[in-house]
Structures are given as C-alpha cells and as structure tokens.
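Student: Below is a structure I'd like to ask you about.
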Amino acid sequence: MSHFAIAGLQLASSKGNNIQQIATEIKSCKKRFPWLDMLVLGELNSFGPEKKYAEPMPGPTESFYQDLAKQLNIWLIPGSLYELADNQVFNTTPVIDPNGNVVTRYRKIFPFCPYESGVAQGQDIVVFDVPQGRIGVAICYDLWFPEVARSMVCQGAEVLIYPTMTGTIDRQIELNLARSTAASNQCYVMAINTAGEIGNGQSILVGPQGNDIYLAGELQEVVPVEIDFAQVRRDRERGLHNLGQPLKSFRDSQWQKSQSSSLNNTDFLNSLGDLEIPGQEKTD
C-alpha cells in the first residue's frame, strides 16, 4: 500500500494559549475522518508568535501532544513551538508517531528575519520515515530557500511539509513557491497556514507534477487528503508527464558537482546592506 492520509488543520487561533482549542479540533478531526494517518498544524499554532511561552523540549506542551497522538493512534506534527535551549530560542517542530514517541525535531533554519528577531537558526535538515515512504519537514520561511527543499529531497523525502504562519500580503507568492518546489523536486508539498488572528489561511497541497490538489480559503478549515507515494516514484523514474526528469539531471550535472564555489562567493550579497526592517531613507 502506497497511500498515506494527511489532514492539515487550518485553525483560527489567537495570540496566547490555544492548547485546549487545538486538542478539541484534533479529536473532532480524527473522529470525523477515522482513516487519517497524520495531522498537521500551522506554525506556532499553540501560543502564537510570543516567545514568552518558549519552553525546553522535552517539555509540558510537547508531552501534551505526545499523549494526544498516542490516544488517537495517529502521527502528529503540532505546528511548531518556541523551544528554549542553551540560552537560545529556536522555532521547533516535533514529529510524533502513533505511539506517542517524538521521532525527530526540526529547528527552523531560516527564521523570518528581521521580523522574527531573537530566534536562533537551526542547522539540520530533517526527514523521517512512515511505513509508506519518507517525509521532510521545514517551517514557513524555509520554503523561500530552494536549498532546503532540495536537501530534504536528496535525503529521499517524497513529501515536504511546511507548518506556516503567514498573515501578510505575500501569501500569494508563497503559493507559487509551493507549486514550483513541488514541480522542481517531483514531490508533494503541503504548506499548512494558520488563520484567524495570526494567519490568513490559504493552506495548499501541491502534487508532484506541480498541480494544485487543494487550496483552502482564508477561514478555519480542515484539509484531509491522501498522498500516493507510488506517484512520486513513478514521476521521478519517468519524468513529469514522461518529460522532464530534474532530479536525475541535477544528480548527473557537472555544475552540481562544483557548485559550492559559486554559492560561497558573497561579494555581491555583502553589497546588499544589513538585514533590517525597512525604514525611512537616511539623509545626511
């Protein structure tokens, strides 16, 4: 069996403690769709973008979600939490299996700087296995960096999941990024956004041929879908529509084998100025 059922919960959350609301919605979703294998929430869904709620991992909130996953016998990606570690704050996504075990944690590599200030950068690409295949996880702004997706795919990821918290006018750009990431990596891309006070929804699931499988509206919504890992493998073997085979071309290219030199040349990048919130132009 190559099918795996995932539901994205696009919840209308608020700034502050949303834990009980989330638990109610998770239980309701599993009861309504008992065939689901995994549930995914938006970025920072539990408490919103307030670092005062940061806690160590393992910690009480993660433990709460572990108990919930075990109770419902389901894989759970509960969005992300601000994690307190080594006197730093990370934006971290735990991945919890149906037995309630944390199988891995992903720390956001690209915090949304300069706006997401005071958050340390993660360093590690994260993929994990479910019985049907391999899944990669990253967070929101990581989608803007194709190196993150390609790194997950090069470790065998067939589905890329991005818990997201976007409430700004660039959401349409992110939707296009999700589509292009799916096509160029021949994989599923699932970007589950928050709604309500902390997000503007429009969660998206894109298929391995760059096609929209579902695009949510802006209000609270449940997005239950079925992933077909066999479709990913067929597309990667034969090409998109039996045409382009970008992963094989990337693997075989001489440019790819020598790309590190160009990526490490920062002269132009240094000329762009400091990473800071735009303000009024400085005058002499």
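Student: Please enumerate the residues belonging to the stretch 111-142 that are buried (at least 24 other Cβ atoms within 10 Å of the Cβ) and aliphatic (A, V, I, L, M).
Tutor: Ile135, Val137, Ala138, Ile139
Student: If you don't mind, another one. Please find, within the stretch 239-272, the residue that is modelled with the highest pLDDT out of those that are of a type in the set (A, V, I, L, M), assigned to a helix (DSSP H, G or I) and closer than 21 Å to Asn185 by Cβ.
Tutor: Within the stretch 239-272, the match that is modelled with the highest pLDDT is Leu247.
Student: Related question: Across the stretch 208-234, what is the total count of residues that are surrounded by 22 or more Cβ atoms within 10 Å (Cβ to Cβ) and out of contact with any Lys or Arg (no Cβ under 9 Å at 6 or more places or on another chain)?
Tutor: Count: 2.
Student: Right, Asn200: farther than 21 Å from Met38 by Cα, surrounded by fewer than 24 Cβ atoms within 10 Å (Cβ to Cβ), in contact with a Ser or Thr (Cβ under 9 Å, 6 or more places away or on another chain) and among the polar types (S, T, N, Q) or not?
Tutor: Judged against the criteria, Asn200 is a match.
Student: Filter the stretch 154-190 down to the residues that are touching a residue at least 60 places away in the same chain (Cβ under 8 Å), buried (at least 21 other Cβ atoms within 10 Å of the Cβ) and over 13 Å from the mean Cα position of the chain (by Cα) and list them by number.
Tutor: Glu158, Asn185, Gln186
Student: Okay, next question. Taking the stated definitions as given, is Gly8 more than 22 Å from Gly118 (Cβ to Cβ), touching a Lys or Arg at 6+ places or on another chain (Cβ under 6 Å) and modelled with pLDDT of 95 or more?
Tutor: Here the answer is no, as Gly8 does not meet what is asked.
Student: Scanning the stretch 196-221 for residues that are at pLDDT 95 or above and outside any loop (DSSP other than H, G, I, E, B), which turns out farthest from His241 (Cα to Cα)?
Tutor: The extreme case among them is Glu221.
Student: To continue, here is another question. Of all residues in the stretch 112-140 being part of a loop (DSSP other than H, G, I, E, B) and in contact with an Asp or Glu (Cβ under 8 Å, 6 or more places away or on another chain), which is modelled with the lowest pLDDT?
Tutor: Checking each candidate, the answer is Pro114.
Student: Give the stretch 239-248 a look and list any residue that's surrounded by 12 or more Cβ atoms within 10 Å (Cβ to Cβ) and on the phi < 0 side of the Ramachandran plot, or say none.
Tutor: Answer for the stretch 239-248, where residues must be surrounded by 12 or more Cβ atoms within 10 Å (Cβ to Cβ) and on the phi < 0 side of the Ramachandran plot: Leu240, Gly244, Gln245, Pro246, Leu247, Lys248.
The values are calculated or read from the model by the stated rules, or taken from the named source; none is laboratory data. Not measured: the values here are computed from a predicted model. No Cβ is skipped: glycine too gets one built from the backbone with ideal geometry, and neighbour counts run over all protein chains shown.
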